[in-house]
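Enquirer: Handing you a structure now.
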Amino acid sequence: MGRKGGFPGGMGMPGNMNNLMKQAQRMQRQMEESQKELEEKEFTASAGGGAVEVTVTGKREVTKVHLKEEVVDPEDIEMLEDLIVAATNEALRKVEEETASSMSKLTGGMGGLGGLGGLNL
């Protein structure tokens, strides 16, 4: 039978494809803006009941470590190290959570966009 007719709907497909491409470009701009905003935010988490506080940026860079005086015990350096690791990991988890939330807001209305790969453009 061959490939008679091409896409269903005749000439309507190029217009739909153009709209889809514009929508994808708009989404890409929004994602870039959202990523830039996220990178400028700071995320703070604490451990040990607030004895250790760590702040990271959306770029996942540690910008601040605050220690309460009573947590600095020369006899127990390991506890302090563990608290710093715990607070840092929690701050980084907050970055990941915000990133996922931000991206899902942008892609929420584009449920079928992942299927574009099947079009073999």
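The values are calculated or read from the model by the stated rules, or taken from the named source; none is laboratory data. Values in this document were obtained by computation on a predicted structure and should not be read as measured data. Heads up, the Cβs are rebuilt from the backbone with ideal geometry, glycines too, and the neighbour counts pull from every protein chain shown.
Enquirer: Exactly one condition in (1) modelled with pLDDT under 90; (2) surrounded by fewer than 13 Cβ atoms within 10 Å (Cβ to Cβ); (3) not hydroxyl-bearing (Ser, Thr, Tyr) is not met by Leu106; state its number.
Expert: (2)
Residue by residue, here is whether (1) surrounded by 16 or more Cβ atoms within 10 Å (Cβ to Cβ); (2) over 17 Å from the mean Cα position of the chain (by Cα); (3) free of Cβ contacts under 8 Å to residues at least 40 places away in the same chain; (4) not in a strand (DSSP E or B) holds:
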residue	(1), (2), (3), (4)
Met21	no, yes, yes, yes
Ala24	no, yes, no, yes
Glu33	no, no, yes, yes
Lys36	no, no, yes, yes
Val54	yes, yes, yes, no
Lys64	no, yes, yes, no
Pro74	no, yes, yes, yes
Met79	no, yes, yes, yes
Ala91	yes, no, no, yes
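Enquirer: So how many residues does segment 42-60 have that are of a type in the set (D, E, K, R) and modelled with pLDDT under 95?
Expert: Residues flagged as of a type in the set (D, E, K, R) and modelled with pLDDT under 95 within segment 42-60 amount to 2.
Enquirer: Filter segment 38-52 down to the residues that are within 16 Å of Lys94 (Cα to Cα), outside any strand (DSSP E or B) and in contact with a Lys or Arg (Cβ under 6 Å, 6 or more places away or on another chain) and list them by number.
Expert: Selection gives Glu39 alone.
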